[in-house]
Amino acid sequence: MAALLEVKKLTKDFGGLKAVNNVTFHVKEGEIVGLIGPNGSGKTTIFNCINNYYSITSGDILFQGKSIKGLKTHRICHLGVGRTFQVVKPLSRMTVFDNVTASAFCRVGSMKEAKDEAYRALEFCGLTEQTDKLAKSLPIGGRKRLEIARALATKPTLLLLDETAAGLTPSELDGAIELIKKIREKGTTVLIVEHIMKVIMTISDRIHAINFGQTIAEGTPHEVANNPAV
């Protein structure tokens, strides 16, 4: 099966610091791939390069076989690359429903279509009872689900999840694992950054581990967990 996403010799410099140094990996359609490493290892920087929040210093990023290097961030989203953020920042003075509706406009052209897409995303994420609440009133678990719903409303082919499970209670953690599995089951490929190993080891088909911006291991969860470098 051809790769949906290919990261090729990706390097990102911040002055004299190589935050990402010659990293190469791929994600096949239908996979869940985990991206792991300690704080400061370059995981979120890789996400920011994929979405062109950061311009890359060298290397290339291919989505569906075509380079997306240098494309505008909204254009990359329109092509089918959605993402969540490590620090969730909903539109706090808007309702949960309006937050998701706003995101849906990335891929649809009318208010009716946007609302329909928002309803679908909120139902999928178990937030239908929260639709009229202000986003800022949700607890962290609800805000994490809202972040996912906003990303799903852009109808991604590939979803980048950045620490979706951080700060969740044990029961919320189990719910997050099931939600990520459901996302894959409905046909969306997932690349996930996560520190909580219960999540990564439970859901990932493959794992790519980095440290100090460089690849240190890649393979199945069992292979990576037993790698001395990891």
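The values are calculated or read from the model by the stated rules, or taken from the named source; none is laboratory data. All figures in this text were calculated on a predicted structure; none of them were measured in a lab. Here the Cβ is made from the backbone with ideal geometry for all residues, glycine too, and neighbour counts use every protein chain on show. Heavy atoms of the whole protein, side chains included, go into the accessibility calculation; ligands, DNA and RNA do not. Shrake-Rupley method; radii C 1.70, N 1.55, O 1.52, S 1.80 Å.
Overview of values
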quantity	calculated
Ratio Rg/Rh [Cα only; Rh per Kirkwood] for segment 117-167	0.95
Carbon/sulfur fraction of accessible area - the chain, other protein chains in place, 1.4 Å, %	52 percent
Candidate aspartates and glutamates - alpha carbon under 15 Å from LYS115, same-chain residues fewer than 8 apart omitted	ASP98, GLU123, ASP132
nm² value of the averaged projected area, convex hull over the Cα atoms of the chain	12.4 nm²
Per residue, in Å², the accessible surface of the chain once ligands and nucleic acids are set aside, probe 1.4 Å	47 Å²
Interchain or long-range residues, amide H under 5 Å from GLU29's placed H	LEU4
Cross-link reach list, aspartates and glutamates versus LYS66, counting only Cα pairs under 13 Å and skipping chain neighbours closer than eight places	GLU6
Mean Cβ neighbour count within 10 Å, used as a protection proxy, ranking 187-193, 73-79 highest first	187-193, 73-79
Unit charges at the beta carbon, dipole of segment 76-230: most positive-side option, ALA118, LEU161, GLY80	ALA118
Of LYS43/LYS155; LYS8/LYS182; LYS89/LYS133; LYS89/LYS112, those spanning more than 20 Å from alpha-carbon to alpha-carbon	LYS43/LYS155; LYS8/LYS182; LYS89/LYS112
Peptides ranked, highest mean first, by Cβ atoms within 10 Å: ranges 151-159, 222-230	151-159, 222-230
Peptides ranked, highest mean first, by Cβ atoms within 10 Å: ranges 199-208, 53-62	199-208, 53-62
Relative contact order (percent, whole number), the chain, Cα cutoff 8 Å, 6+ residue spacing	26 percent
